[in-house]
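Working notes, beginning with the structure itself.
The values are calculated or read from the model by the stated rules, or taken from the named source; none is laboratory data. All of these numbers come straight from a predicted model, not from anything done at the bench. Here the Cβ positions follow ideal geometry from the backbone for every residue, glycine too, while neighbour counts run over all protein chains shown.
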There are 2 protein chains.
Amino acid sequence: MSELRYNRLKDTWTIIAEERAKRPHDYKEYTKEEATQIENCPFEYGNEHMTPPEVFAIREKNTKPNSSGWKVRVVPNKYPAVSPQTPLDYFFRCIYDNVTGFGYHEVIIDTPDHFKQIQDFNKEDFQYLFTAFKERLKALSNDNRIKYIHIFKNHRKEAGKSLYHSHSQLIALPMIPKLVDTQINQSRSYYKQKERCLLCDEVMYELETEERILYKNEKFVVYCPYASLYPFEIRIVPYPHSYSFLEIKKFDYLIDAVKVAVKKLNNTLLDPPFNLILYTSPPKRDNYKIPDYFYNIEIFNHWYIEILPRITTHAGFELGTGYYINPVPPETAVNKLKQE
Amino acid sequence: MSELRYNRLKDTWTIIAEERAKRPHDYKEYTKEEATQIENCPFEYGNEHMTPPEVFAIREKNTKPNSSGWKVRVVPNKYPAVSPQTPLDYFFRCIYDNVTGFGYHEVIIDTPDHFKQIQDFNKEDFQYLFTAFKERLKALSNDNRIKYIHIFKNHRKEAGKSLYHSHSQLIALPMIPKLVDTQINQSRSYYKQKERCLLCDEVMYELETEERILYKNEKFVVYCPYASLYPFEIRIVPYPHSYSFLEIKKFDYLIDAVKVAVKKLNNTLLDPPFNLILYTSPPKRDNYKIPDYFYNIEIFNHWYIEILPRITTHAGFELGTGYYINPVPPETAVNKLKQE
């Protein structure tokens, strides 16, 4: 059973999760076995018994849960950082503050195809994947103990992906994570000053100058942010304003935008490792510490997806300061990406 | 010329530094040439001309600056993130806020011995190294434009060290970095509530329970923090209270403590990559944004050294939330370390 411990000096939380250490060993590269021998892969058709029972799937007609025939399949993580079986409780050990390891840690198996990675996904694959994102977001928002649902995808070992078969992850927590909270607070204070959304202003300015725009379609704009923390960082932002991933009715334009971003990144940097992260608004709750935290959140908070390529190593500077050194200006990055 | 760009959404700064991309290529492992062919290494005796002129050195008698005969040598980084030649200026580009890339980025060449790494350092090596830290801290504190001096050491490629020959780094900036600011603010608000220092309380509790203590001597305590963000994270803290590295008169006890920490880590994890970070108090300045920011800083802020082993990969969870998953409880870590 894991637990969350508050690091008061650094004002953040760490999940102490011994279970995680039992994961398939973190080799630097996938072994040939892992990459090719599908019989041992828990994400294959016929191996559904190798994972905990599914909580969601899109399936061919007349196929049963936990059997083959699925298009996308969501299962609890076998080595969870947090678990819904753990009762939510807040406690202390003398000077230290803790929360039990309550939450949801799920794996979204993107595709039944062992060899298909995100750069190979077609429109349908993305349609299934984003539907799974939305359905799990919706379902877990109904658990009142959950304050935020974090969805992300690690692409390649160097970005923290432990199994070769393409998958995404979801971690739902009884608190709003530090960086999400920062973004909400920054957007909130900007709105208070300007009565405009921070990310709307940014998108409008970026569209005007066109200096860092990689692509746009009717509903999404894709660009390298002005103060990119990572080389070749890409932001995919809906416009006009939308505050939650749950607002999307049809995924067509999002799929188009994500496909372009992934393709260009893949062609420019030759299949680089990256993390894809979804930032959306937390479900509204009554018990949040700041009285107006959720007031107008539909207007001031803007959901988006970011892609963070992992081609540089963060060292003592980044770890110690929380600042970043980025050797590739986003203007240079976007020009290279555009050429591909 | 680099520049600092403010990332408003994430409330942090990124240094856009194209110069850094010209560094020796970031291979995953050192090439055999790099590790063995000392004639190309800019940190060797006789190769002093391969670096910018030194700003500090401890030397044998009658040796000249920028010639051999030094014990430790500090030079400006050849590929600097920030530079003292850049005039300090604050500016904007429409909606974006910037600071010019003013600052100091220096390399501390720990030892003239190409093959000696930190786990091999003897008492004298550490004596030279910490003297260099202190002298540069003191010297750069006198530049009123500088608000913080960050000193760190990257050990092995996987922790971001680009050249094989052992070295440390210093980056001095015209602002107090986000994470340092967080720690000061957390310590400050704790002191306001309790009239006691946060880290003093932690050290006292740790000494009492002994659950996470790895080692102590007359002036330092070495332990794995309760809410360790990294597996096998180690904190080396002076006691009784001390607010600045500049307060140390004699390095004996610090050297003893650091040697034990490095040796035990090296034996337990077999020479793991790690970052060693020095957190000390910023020099007092008149122009800080919070009126009482520096008031009582000598009492509430506590300097320390931390060692962050890089044996796990941060993925979409850590990057997106600012929270951490640590699969090794510090209680387990300290027991393993103690056995070595």
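Take the conditions (1) touching a Pro at 6+ places or on another chain (Cβ under 8 Å); (2) under 24 Å from B:Pro282 (Cα atoms); B:Glu135 misses just one of them, which is (1). Scanning the range A:251-300 for residues that are farther than 30 Å from A:Lys336 by Cα and charged (D, E, K, R) gives A:Lys284, A:Arg285, A:Asp286, A:Lys289, A:Asp292, A:Glu298. Considering the conditions (1) over 17 Å from A:Gly320 (Cα atoms); (2) β-branched (Val, Ile, Thr); (3) outside any helix (DSSP H, G or I), B:Ile307 is excluded by exactly one of them, (1). Could you please find all residues in the range B:186-201 being within 11 Å of another protein chain (Cβ to nearest Cβ), more than 17 Å from B:Pro238 (Cβ to Cβ) and surrounded by 14 or more Cβ atoms within 10 Å (Cβ to Cβ)? Of everything in the range B:186-201, those that are within 11 Å of another protein chain (Cβ to nearest Cβ), more than 17 Å from B:Pro238 (Cβ to Cβ) and surrounded by 14 or more Cβ atoms within 10 Å (Cβ to Cβ) turn out to be B:Gln186, B:Ser189, B:Tyr190. The set of residues from the range B:157-174 being over 16 Å from B:Thr280 (Cβ atoms) and within 11 Å of chain A (Cβ to nearest Cβ) comprises B:Lys157, B:Glu158, B:Ala159, B:Gly160, B:Lys161, B:Ser162.
Note on the range B:287-299: residues that are closer than 29 Å to A:His314 by Cβ and outside any loop (DSSP other than H, G, I, E, B) amount to 1. Here A:Glu54, A:Glu106, A:Glu60 are screened, and the one residue that is surrounded by fewer than 17 Cβ atoms within 10 Å (Cβ to Cβ), more than 10 Å from every other protein chain (Cβ to nearest Cβ) and among the acidic types (Asp, Glu) is A:Glu60.
Close contacts from the range A:265-277, counting a first residue that is surrounded by 16 or more Cβ atoms within 10 Å (Cβ to Cβ) and a second that is of a type in the set (Gly, Ala, Ser) and in a loop (DSSP other than H, G, I, E, B), with Cβ to Cβ under 8 Å and a gap of 6+ residues or different chains, come to A:Asn275/A:Gly160; A:Asn275/B:Ala315. Within the range B:63-99, the set of residues being surrounded by 18 or more Cβ atoms within 10 Å (Cβ to Cβ) and touching a Gly at 6+ places or on another chain (Cβ under 6 Å) comprises B:Val82 only.
Screening the range B:1-111 for strands (runs of 3 or more DSSP E) wholly inside it with 3 or more residues that are over 22 Å from the mean Cα position of the chain (by Cα) returns the ranges B:3-7, B:90-93, B:96-100. Here the condition is being in contact with a helix residue (DSSP H, G or I) (Cβ under 6 Å, 6 or more places away or on another chain), under 30 Å from A:Gly103 (Cβ atoms) and aliphatic (A, V, I, L, M); of A:Ile184, A:Ile234, it holds for A:Ile234 alone. Checking the range A:270-286 against the condition returns a match, with at least one residue being farther than 30 Å from B:Asn275 by Cα, over 17 Å from the mean Cα position of the chain (by Cα), in a loop (DSSP other than H, G, I, E, B) and acidic (Asp, Glu). Residues in the range B:172-185 that are of a type in the set (S, T, N, Q) and surrounded by fewer than 19 Cβ atoms within 10 Å (Cβ to Cβ) were compared, and the one that is nearest to the chain's Cα centre (by Cα) is B:Thr182.
Selection of the range A:228-239 for residues being of a type outside the set (Val, Ile, Thr) and either touching a residue at least 40 places away in the same chain (Cβ under 8 Å) or surrounded by 24 or more Cβ atoms within 10 Å (Cβ to Cβ) (or both) yields A:Ser228, A:Leu229, A:Tyr230, A:Pro231, A:Phe232, A:Glu233, A:Arg235, A:Pro238.
The number of residues in the range A:202-244 that are basic (Lys, Arg) and within 13 Å of chain B (Cβ to nearest Cβ) comes to 2. Among the residues of the range A:126-141, is there at least one that is of a type in the set (Gly, Ala, Ser), under 21 Å from A:Glu19 (Cα atoms) and either part of a helix (DSSP H, G or I) or away from chain B (no Cβ under 12 Å) (or both)? Among the residues of the range A:126-141, not one is of a type in the set (Gly, Ala, Ser), under 21 Å from A:Glu19 (Cα atoms) and either part of a helix (DSSP H, G or I) or away from chain B (no Cβ under 12 Å) (or both), which makes the answer no.
Looking at the range B:296-340 only, could you name the residues that are at the interface with chain A (Cβ under 9 Å from one of its Cβ atoms), more than 16 Å from B:Arg212 (Cβ to Cβ), touching a residue at least 12 places away in the same chain (Cβ under 8 Å) and of a type in the set (S, T, N, Q)? Hit for the range B:296-340 is B:Thr312, nothing else.
Here the condition is being closer than 30 Å to B:Glu210 by Cα and not hydrophobic (A, V, I, L, M, F, W, C); of A:Gly46, A:Gly101, it holds for A:Gly101 alone. Among the residues examined, A:Arg93 qualifies as within 14 Å of chain B (Cβ to nearest Cβ), closer than 30 Å to B:Tyr190 by Cβ and not hydrophobic (A, V, I, L, M, F, W, C). Just to be sure, is B:Arg145 outside any strand (DSSP E or B), farther than 13 Å from B:Val74 by Cα and in contact with a strand residue (DSSP E or B) (Cβ under 8 Å, 6 or more places away or on another chain)? The answer is yes for B:Arg145. Looking at the range B:202-217, can you tell me whether even one residue there is surrounded by 17 or more Cβ atoms within 10 Å (Cβ to Cβ), within 16 Å of A:Arg8 (Cβ to Cβ) and among the hydrophobic types (A, V, I, L, M, F, W, C)? Yes, the range B:202-217 has at least one match. With the checklist (1) in a loop (DSSP other than H, G, I, E, B); (2) more than 21 Å from B:Gly316 (Cα to Cα); (3) in contact with a Cys (Cβ under 7 Å, 6 or more places away or on another chain); (4) not small (Gly, Ala, Ser) in hand, flag the one item A:His302 doesn't pass. Of the numbered conditions (1) in a loop (DSSP other than H, G, I, E, B); (2) more than 21 Å from B:Gly316 (Cα to Cα); (3) in contact with a Cys (Cβ under 7 Å, 6 or more places away or on another chain); (4) not small (Gly, Ala, Ser), the odd one out for A:His302 is (2). Among the conditions (1) outside any helix (DSSP H, G or I); (2) aliphatic (A, V, I, L, M); (3) crowded, with 18+ Cβ neighbours inside 10 Å, the only one that B:Ala333 does not satisfy is (1).
Annotation note: of A:Tyr295, A:Tyr288, A:Tyr279, the sole residue that is closer than 23 Å to A:Phe130 by Cβ and not acidic (Asp, Glu) is A:Tyr279. Within the range B:1-49, if we keep just the residues that are at pLDDT below 75 and more than 14 Å from every other protein chain (Cβ to nearest Cβ), the residue that is surrounded by the most Cβ atoms within 10 Å (Cβ to Cβ) turns out to be B:Glu34.
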